[in-house]
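> First, the structure itself, so that you have it in front of you.
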Amino acid sequence: MQIIISNNSKEPIYEQIMKQIQTAILSGELAEGTALPSIRQLAKDLKISVITTKRAYEELEKSGFTYSIVGKGSFVAEQNLDVIREKKLKVIEEQLSVVIANSRELGLSYQELQELLKLLYEE
Amino acid sequence: MENVIEFRGISKKFKEFSIENLDLQIKRGYITGFIGANGAGKSTIIKLMMNLLQADKGEVKVFGMDYFSHAKEIKERIGFVYDRNVFYEALSLKDISRIVAPAYKCWNNKQFKAYVDKFELPLNKPIKKFSKGMQMKASLAIALSHDAELIIMDEPTAGLDPAFRRELLDIFQEVMVDERRTIFFSTHITSDLDRIADYIVLIEKGEVLFNKPIYELKERYAIVKGSTNLLDRDTEESFIKIERSSTGFQALTNNVEEVKELFGDHVVMEEASLEEIMFYVKGAHSQHD
């Protein structure tokens with residue numbers, strides 16, 4: 001598993017780690033039951049503090065992506081991909097509603113909005 | 001045992017300087033960086049930890065034991081790393097391993113040889129002819145070879161060139177892969193800590209101003225810049241220290257949320273480096289005297 005962190009990003013390092021592991025799990029790169037590297041080994045490899053990787057692992061566990069066994073480490077939990085997809089779709093719907101409301105305020109037509117979306121999507 | 005070092009109600013009086021009723025806990029299994037201005041009391045506190053100084057009042061516990069009844073046991077498990085090897089200057093590492101080894105129950109000569117190789121140290125050259133960086137590494141090799149669980153260092157990176165400092169930090173990280181180990185070190189080079197420290201202890205005039213995980217500092221502290229007409233007696237409360245100039249103000253807050261709520265987009269907020277936190281906190285502290 002590759003993890004690339006940026007020290008200059010506004011996003012906290014623990015979040016960067018968390019998101020990249022999440023992505024690896026959702027894409028199937030990390031299968032259910034796979035052992036994650038130990039907190040301490042990962043800290044050393046990424047050249048960051050132990051407490052930062054510990055926090056990333058704790059957050060992953062809290063959001064159900066992993067589980068841990070005392071003395072053994074962290075493992076990828078079973079993922080219900082349909083549920084996750086459903087949740088993400090819901091977020092997209094909400095975000096689009098905001099876009100539509102803003103467009104109406106400006107008097108932007110559906111046609112114009114569609115063109116704008118197309119432009120951005122293909123970028 | 002979560003805390004490897006515990007100070008309770010420590011007082012120590014000197015002519016010019018004193019520590020009063022100091023509490024301090026150092027977490028096991030982590031790297032704690034110890035910062036503070038010159039004369040803030042860093043060396044005194046390290047000496048108290050090492051039992052090189054005794055407190056007038058209060059209790060020092062290391063590994064849950066006190067020095068009165070367990071001095072030898074504690075010392076076995078501590079590696080004190082420093083650049084001046086006062087006792088052994090004329091000796092070579094080979095001589096030292098022969099003299100030091102019998103003093104420790106857990107001395108591992110194979111381990112020692114491995115570290116000497118890894119750190120590329122000469123075995124037969126007198127220590128006094130070593131560079132500062134090499135002396136530091138020699139001291140560390142000795143500490144690791146008697147399987148020290150607690151490594152205490154007084155400014156280990158001072159005076160080292162950047163490449164060497166990096167190498168030393170990498171070694172610290174390697175040491176920390178073993179979760180039994182704890183590293184405690186003082187430094188002026190706060191960028192060393194940005195990378196590897198788990199906890200930061202800041203002291204000023206013999207007082208612990210904070211002892212916190214590094215991410216908490218990053219989340220709670222920020223440098224705020226804005227126009228001076230935003231400041232009044234109420235809004236000033238959100239800041240630890242404010243610097244005003246004709247072009248605006250610049251201040252340190254430890255309450256990012258409150259500042260966001262109060263000022264919104266009217267101010268610019270930036271992550272505060274450890275150096276900036278130290279600078280402003282020190283300024284604020286001397287203001288209240």
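None of the figures in this text is laboratory data; all of them are computed from the coordinates on show. Only a predicted model underlies this, so the values are computations on that prediction, with no experimental measurement involved. Cβ: placed from backbone, ideal geometry, glycine included. Neighbour counts: every protein chain shown.
> Would you look at the GNM of chain B, springs on alpha carbons closer than 10 Å, and say which of B:Leu274, B:Leu217, B:Leu123 moves the most?
Of the options given, B:Leu123 has the highest mean-square fluctuation.
> Same structure, new question: Which FRET efficiency value, to the nearest 0.05, is calculated for B:Met65 and A:Met1 with the Förster distance at 41 angstrom and r the Cβ-Cβ distance?
Numbers: r = 42 Å, r/R0 = 1.02.
Computed FRET efficiency for B:Met65 and A:Met1: 0.45.
> Pick from A:Glu59, A:Glu112, A:Glu86: which is most flexible by mean-square fluctuation in a GNM of chain A where alpha carbon atoms under 10 Å apart are linked?
Looking only at A:Glu59, A:Glu112, A:Glu86, the largest GNM fluctuation is found for A:Glu112.
> Please say if the protein assembly as shown is rounded, prolate or oblate, where rounded means a/c under 1.5 for a ≥ b ≥ c the square roots of the C-alpha gyration tensor eigenvalues, and otherwise the choice is prolate for a/b larger than b/c and oblate otherwise?
Numbers: a/c = 2.38, a/b = 1.50, b/c = 1.59.
Oblate shape, in that a/c is at least 1.5 and b/c is the bigger or equal ratio.
> What is the diffusion coefficient of region B:222-271 in µm²/s, taking the Kirkwood radius over Cα pairs and the Stokes-Einstein relation at 37 °C with a viscosity of 0.692 mPa s? Before the final figure, lay out the partial values.
Values: Rh = 10.5 Å.
In µm²/s, the coefficient is 311.
> Distance from the Cα centre of region B:188-245 to that of region B:89-124, in angstrom?
If you average the Cα positions of each part, the centres end up 43 Å apart.
> May I ask you to derive the relative contact order of chain B, considering only C-alpha pairs under 8 Å and at least 6 residues apart, and to give it as an integer percent?
On the way: 507 pairs, mean separation 58.1, N = 289.
That works out to 20 percent.
> Could you work out [θ]222 nm for the protein assembly as shown from helices alone, using -39500 (n - 2.57) per DSSP H run of at least four and dividing by all its residues? Round to the nearest 500 deg cm²/dmol.
Working: 15 runs with 174 residues, N = 412.
Value at 222 nm, helices only, nearest 500: -13000 deg cm²/dmol.
> Towards the positive end of the charge dipole of chain B, with charges on Cβ (+1 Lys, Arg; -1 Asp, Glu), say which of B:Leu202, B:Pro162, B:Phe119 has the farthest Cα.
Most positive-ward Cα: B:Phe119.
> Something else now. What is the helix-to-structure angle for B:274-287, meaning the angle in degrees between its Cα long axis and the longest Cα principal axis of chain B, kept from 0 to 90 and rounded to the nearest 10?
Orientation of helix B:274-287: about 60 degrees from the principal axis.
> When the Karplus curve 6.51 cos²θ - 1.76 cosθ + 1.60 is applied with θ = phi - 60°, which whole-Hz ³J(HN,Hα) does each residue of region B:240-251 get, with x for Gly and Pro?
7, 8, 10, 10, 9, 9, 5, 9, x, 10, 9, 8
> If amide H atoms are built 1.01 Å from N in the plane of the peptide, which residues on other chains or at least 5 residues away come under 5 Å of the amide H of B:Lys57?
B:Ser11
> A follow-up question, please. Could you go through region B:30-44 in sequence order and give the Karplus-derived ³J(HN,Hα) for each residue, using 6.51 cos²θ - 1.76 cosθ + 1.60 with θ = phi - 60°, rounded to whole Hz, and x for Gly and Pro?
Couplings: 10, 9, 10, x, 10, 10, x, 5, 4, x, 6, x, 4, 5, 4 Hz.
> Non-local amide H neighbours of B:Phe210 (under 5 Å, H modeled in plane, Pro and chain starts lacking H): which ones?
Result for B:Phe210 returns B:Leu202.
> Tabulate in residue order the Karplus-calculated ³J(HN,Hα) for region B:117-130, using 6.51 cos²θ - 1.76 cosθ + 1.60 with θ = phi - 60°, rounded to whole Hz; enter x for Gly and Pro.
Computed from phi, the couplings for region B:117-130 are 5, 4, 7, 6, 9, x, 7, 9, 8, x, 4, 5, 8, 6 Hz.
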